[in-house]
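Have a look at the structure below, then the notes.
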Amino acid sequence: MIKPAEVPLRTTLDPRLAEEWELVLLAQGLTPRVDQGANGVVLSVPEKEVKTALASLAAYERENPPKLQKRDHPIEPPNWIAGIVAAELLLGFYFVTVMRGTTVPWFERGSADANRILLGELWRAVTALTLHTDLAHAVGNAVAAAIFLSTLFGMLGVGLGFALVVLAGAAGNLANAFLQGSPHVSVGASTAIFGAVGMLGGLGVVRRSRISSAKRRAWIPVAAALGLLAMLGTGGPRVDVLAHFFGFLFGGVLGILSAFIFSRFPGPKVQWFFGCVALATLIYCWILALR
């Protein structure tokens, strides 16, 4: 007996979706076939059933539109406005702290002086993130902030993203101070920016691991983040490599944790809460530094 020719109708990387298609056609009295192909799972039917099968699948999809799976995430566009505002604030604070004639001891009181931190002045781990020694330093970090923070804010929201970046930067400065000890002193937002890079890697790993079609490539975000750390965070005689590494490390951990805690994009109340906490922390740390 000659087997009737079969025509492939659909291909998917999701075996569960292929099973749904098969059940729909079986319910219509058709004879579908599901096979593993080079590009995914292939649904086929005999040539004489093609017209009926296509109509049945179209009707099913009209009644049951595809929904975002519970553990899947949409691809959020970068929040360029928030990222650029963050970059402008970094530059603005640089000009405030280096103005001629200023009597405020910004760097003396706010730098991440390891000796002073070890003596209990923990606020320096936060205030140092806002200080830059020269224009090139400030501009470089501002450009990096506009790029990486925009992407992070698009994934987590401005408030939550801002709070986690400050936390990663402060934790990185604290770890760096405890490891390097006196007389190490550092300033700059780069520790927090590499925290954002690590966070993007951590978020990417968890989100890819939740999508069956991307599990095999879940390591790619971490590899990309490590590449950025190697390219941008280790060159130059004045680069604080350990601070960058610790910021990256803490950012990665926070990215993984936030991906598990916030299965969906946090709403406005969450964003406002974390944003206000982060801003209040910055202000309070500077109050402690300048009192």
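The values are calculated or read from the model by the stated rules, or taken from the named source; none is laboratory data. Here the structure is a predicted model, which means the values were calculated and not measured. Here the Cβ positions follow ideal geometry from the backbone for every residue, glycine too, while neighbour counts run over all protein chains shown.
Observations on the model:
- Pairs where the first residue, in the range 1-30, is farther than 13 Å from residue 50 by Cα and the second is of a type in the set (S, T, N, Q) and modelled with pLDDT of 85 or more, C-beta under 8 Å, 6+ apart: 24/56
- Screening 175, 225 for residues that are touching a helix residue (DSSP H, G or I) at 6+ places or on another chain (Cβ under 8 Å), buried (at least 18 other Cβ atoms within 10 Å of the Cβ) and modelled with pLDDT of 90 or more leaves exactly one candidate, 175.
- Looking only at the range 261-286, and only at residues there that are within 20 Å of residue 151 (Cβ to Cβ) and assigned to a helix (DSSP H, G or I), the one that is nearest to the chain's Cα centre (by Cα): 261
- Any hit, the range 143-155, residues being in the same structural domain as residue 256 (by TED's automatic domain parsing), among the aromatic types (Phe, Trp, Tyr) and assigned to a loop (DSSP other than H, G, I, E, B): no
- Against the conditions (1) modelled with pLDDT of 85 or more; (2) buried (at least 18 other Cβ atoms within 10 Å of the Cβ); (3) aliphatic (A, V, I, L, M), residue 84 satisfies every one except (2).
- Candidate set: the range 107-127, residues that are outside any loop (DSSP other than H, G, I, E, B) and out of contact with any Phe, Trp or Tyr (no Cβ under 9 Å at 6 or more places or on another chain); chosen: the one surrounded by the fewest Cβ atoms within 10 Å (Cβ to Cβ): 108
- Across the range 259-277, the number of residues qualifying as of a type in the set (A, V, I, L, M, F, W, C), in contact (Cβ under 8 Å) with a residue 12 or more places away in the chain and closer than 18 Å to residue 200 by Cβ comes to 5.
- Sole exception among (1) more than 28 Å from the chain's Cα centre (by Cα); (2) on the phi < 0 side of the Ramachandran plot for residue 120, by number: (2)
- Selected residue (only one of 114, 138 is closer than 15 Å to residue 171 by Cα, touching a residue at least 12 places away in the same chain (Cβ under 8 Å), out of contact with any strand residue (DSSP E or B) (no Cβ under 6 Å at 6 or more places or on another chain) and of a type outside the set (Asp, Glu)): 114
- Residue in the range 246-254 that is at pLDDT below 90 and of a type in the set (Val, Ile, Thr) present: no
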